[in-house]
Amino acid sequence: MVNYPWWTVVAGNATLAQGDVLDDCPVLIPVAEMESDTPEARVEYRDVVVMSQSCDLEQDKVDLVLVCPLQPLTDAASQERSPFRGKGREKLRRGEYPGYHLLNRATTDGIRRDYTIVDFHNVYGMPLPFLREFAGKQDKRLRLLPPYREHLSQAFARFFMRVGLPAEITFDSP
C-alpha cells in the first residue's frame, strides 16, 4: 500500500487553497441579544480550515470563503460527556459522526499538530480579500494534500446534504 503524505507546508504568501489551516484566525460572532437596532459582534480567535474550493478561490468566484473550526482531539475528548473517548474515538476515525471529521497529526517542516477534529456544525464566511491578507501575514501554514483534502470535502458535503424526511415509506403487509 502506498503511503501518501497528509500535509505539506506552504509559505504564508502562497495562494489560498482548500485544506489550508489558518491558526488564530479572527472570526466575528454576532451577539444573540440585540439591545439596539445596530447588531453587535465579538471577535473570537479560532484555528480554522478552508473549505471553499481552490478553483473558486483562485478565480475570485466567491466573495466569502467558507472555513470550519478545528479542535485538537485531546481537547475534545477531555470535555465532560465527550463522544470522542474510547470506542467513540474509533467511530470518529471511521466517519460515523457526520458533523465531524478527523484529520491526521502533522509533523512537517517544523510544524506539529496533533490529531484534529473539523467541526462542520459551525461554518463561517470570511471575506476573500481579508482571508488572503491574513494568510499572507503568517510565516508558513499547513495544507492538507490529496486524497485527504477531497475526503474532507466529501465528508463536508455528506453532512450538508442530509435529508430528514417527515414520513418513511411503509409497505402494507401481504
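Suppose we keep only residues that are assigned to a loop (DSSP other than H, G, I, E, B) and of a type in the set (Asp, Glu) within the range 137-168. Which one would you say is modelled with the highest pLDDT? Steps first, please.
Our first condition is that a residue be assigned to a loop (DSSP other than H, G, I, E, B); within the range 137-168, this holds for 137-139, 145-147, 161-168.
Of the ones still in play, those that are also of a type in the set (Asp, Glu) are 139, 168.
Working: 139: 92, 168: 79.
The qualifying residue modelled with the highest pLDDT is 139.
Within the span defined as the range 95-113, one or more residues are at pLDDT below 90 and charged (D, E, K, R).
Beta carbons closer than 6 Å, at least 6 apart along the sequence or on distinct chains, pair a first residue in the range 35-46 that is at negative phi with a second that is open to solvent by 100 Å² or more (accessible area, probe 1.4 Å) and not charged (D, E, K, R) for 41/28. The C-beta contact set for the range 132-151 (first residue within 9 Å of residue 19 (Cα to Cα), second residue among the charged types (D, E, K, R) and open to solvent by less than 90 Å² (accessible area, probe 1.4 Å), distance under 7 angstrom, 6+ apart or interchain) comprises 142/113; 143/20.
Residues of the range 10-28 that are touching a residue at least 60 places away in the same chain (Cβ under 8 Å), of a type outside the set (A, V, I, L, M, F, W, C) and in contact with a strand residue (DSSP E or B) (Cβ under 8 Å, 6 or more places away or on another chain): 12, 18, 19, 20, 23, 26. Take the range 59-83 and flag every residue that is in a helix (DSSP H, G or I), touching a Lys or Arg at 6+ places or on another chain (Cβ under 8 Å) and without any contact (Cβ under 8 Å) to a residue 24 or more places away in the chain. Result: 77, single match.
Could we say that residue 95 is without any contact (Cβ under 8 Å) to a residue 12 or more places away in the chain and at positive phi here? Criteria not met by residue 95.
Within the range 117-174, the set of residues being out of contact with any strand residue (DSSP E or B) (no Cβ under 9 Å at 6 or more places or on another chain), closer than 25 Å to residue 7 by Cα and of a type in the set (Asp, Glu) comprises 133, 150. Only one of the numbered conditions (1) of a type outside the set (Phe, Trp, Tyr); (2) within 16 Å of residue 156 (Cβ to Cβ); (3) buried (at least 17 other Cβ atoms within 10 Å of the Cβ) is not met by residue 96, and that is (3). Output the residues belonging to the range 1-59 that are over 20 Å from residue 106 (Cβ atoms), under 14 Å from the mean Cα position of the chain (by Cα) and crowded, with 19+ Cβ neighbours inside 10 Å. Result: 52, single match. Residue count for the range 104-118 under the criterion of being open to solvent by 60 Å² or more (accessible area, probe 1.4 Å) and not hydroxyl-bearing (Ser, Thr, Tyr): the result is 5. Among the residues of the range 84-131, those identified as touching a His at 6+ places or on another chain (Cβ under 9 Å) and of a type in the set (Gly, Ala, Ser) are 95, 99.
The values are calculated or read from the model by the stated rules, or taken from the named source; none is laboratory data. Since this is a predicted model, take the numbers as computed values, not measurements. Cβ: placed from backbone, ideal geometry, glycine included. Neighbour counts: every protein chain shown. Just the protein is used for accessible areas: all its heavy atoms, side chains included, with ligands, DNA and RNA removed. Shrake-Rupley method; radii C 1.70, N 1.55, O 1.52, S 1.80 Å.
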